[in-house]
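Accompanying notes for the structure given below.
The values are calculated or read from the model by the stated rules, or taken from the named source; none is laboratory data. Small disclaimer: the values here were computed from a predicted structure and weren't measured. Please note: Cβ atoms are built from the backbone with ideal geometry, for glycine as well, and neighbour counts cover all protein chains shown. The protein model used for the area step is the full one, side chains on, heavy atoms only, and it has no ligands, DNA or RNA in it. Shrake-Rupley method; radii C 1.70, N 1.55, O 1.52, S 1.80 Å.
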Amino acid sequence: MSEPYAEPKTLRVVVADDQAAVREPLAAVLGLSEDIEVVAAAADGNAVLTAVAAEPVDVVLMDLRMPVLDGIEATRRLSGEHPEVAVVVLTTFADDESILAALSAGARGYLTKNAGRQDIVRGIRAAAAGQSVLDREVQDRLLATVRAEPTAARGALPADLTPREREVLAAIGQGLPNRAIAEKLFISEATVKTHINNLFAKADIRDRADAVRRAIAAGLA
């Protein structure tokens with residue numbers, strides 16, 4: 001007997017940008033996707049927190065430079081108070097300080113405003129699925145930052161990482177989401193997640209962004 005058809009989940013999204021000329025068209029465009037519902041548009045970080053507290057939200061598309069409460073602090077508070085909500089940064093800023101601050105605050109993705117609608121939609125879907133999404137420009141900046149660090153500061157990988165865990169880390173360093181890693185290595189997504197949990201614990205890796213940095217530093221990506 002075939003499995004009953006399941007309707008795809010509608011992702012509930014908050015769009016945050018202090019410029020109405022950006023915020024409103026972006027919300028309208030995202031709303032054209034069948035699986036995305038924009039439930040609120042916010043002009044500052046406080047408005048984001050209010051929106052998330054008021055109703056269920058899956059993803060916040062977050063600008064960084066906003067009045068009252070900026071995107072970095074709003075992301076940090078969301079990570080602490082609503083860890084189930086994924087934050088994808090969408091900003092014009094791609095400098096090292098902004099990237100590292102956002103990822104350290106808990107952002108699951110970082111896109112620049114050069115990203116097209118499909119790139120943003122894919123980023124929202126990936127973040128909602130627990131995956132990381134980094135703009136190519138952002139990945140390049142992280143690569144340059146890691147290569148500029150003294151070797152001792154990069155942190156060697158522990159000797160007890162298994163060959164499979166190294167393969168998974170290398171794939172993360174290449175920016176692959178869990179599903180793509182599973183397909184590449186011919187294993188299930190659940191197995192990928194197990195390997196990620198194990199290697200993060202062994203190598204004291206904080207998050208996906210840190211994993212990218214460590215993979216690059218180790219010459220795996």
Counting just the residues of the range 156-186 that are open to solvent by 40 Å² or more (accessible area, probe 1.4 Å) and among the aliphatic types (A, V, I, L, M), which one comes out modelled with the highest pLDDT? Ala159
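Just to be sure before I move on: is Ala201 surrounded by 16 or more Cβ atoms within 10 Å (Cβ to Cβ) and small (Gly, Ala, Ser) in the structure I sent? Lay out the reasoning, then the answer.
Values: surrounded by 16 or more Cβ atoms within 10 Å (Cβ to Cβ): no; small (Gly, Ala, Ser): yes.
So Ala201 fails the test.
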All conditions in (1) among the aliphatic types (A, V, I, L, M); (2) open to solvent by less than 40 Å² (accessible area, probe 1.4 Å); (3) in a loop (DSSP other than H, G, I, E, B) are true of Leu49 except (3)
When the residues of the range 103-130 are filtered to those that are part of a loop (DSSP other than H, G, I, E, B) and of a type in the set (Gly, Ala, Ser), which remaining residue is surrounded by the most Cβ atoms within 10 Å (Cβ to Cβ)? Ala107
Going by the conditions given, is Val52 touching a His at 6+ places or on another chain (Cβ under 7 Å) and more than 16 Å from Gly109 (Cβ to Cβ)? yes
Kindly check whether there is at least one residue in the range 92-109 that is closer than 21 Å to Leu30 by Cβ, at pLDDT 90 or above and out of contact with any helix residue (DSSP H, G or I) (no Cβ under 7 Å at 6 or more places or on another chain). yes
Tally up the residues in the range 193-221 that are more than 19 Å from Ala129 (Cα to Cα) and polar (S, T, N, Q), please. 1
What are the pairs with Cβ atoms under 7 angstrom where one residue, in the range 173-187, is in a loop (DSSP other than H, G, I, E, B) and the other, located anywhere, is among the charged types (D, E, K, R)? Sequence gap at least six, or different chains. Leu176/Lys184
With the checklist (1) touching a residue at least 60 places away in the same chain (Cβ under 8 Å); (2) in a loop (DSSP other than H, G, I, E, B) in hand, flag the one item Phe93 doesn't pass. (1)
Scope the range 58-88; condition surrounded by 22 or more Cβ atoms within 10 Å (Cβ to Cβ), assigned to a loop (DSSP other than H, G, I, E, B) and out of contact with any Phe, Trp or Tyr (no Cβ under 7 Å at 6 or more places or on another chain); matching residues: Asp63, Met66, Val85
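So if I check each of Ala221, Ala190, Ala217, Ala153, which one is modelled with pLDDT of 85 or more and aliphatic (A, V, I, L, M)? Walk me through it before giving the result.
Working: Ala221 fails: modelled with pLDDT of 85 or more; Ala217 fails: modelled with pLDDT of 85 or more; Ala153 fails: modelled with pLDDT of 85 or more.
Testing whether each residue is modelled with pLDDT of 85 or more and aliphatic (A, V, I, L, M) leaves just Ala190.
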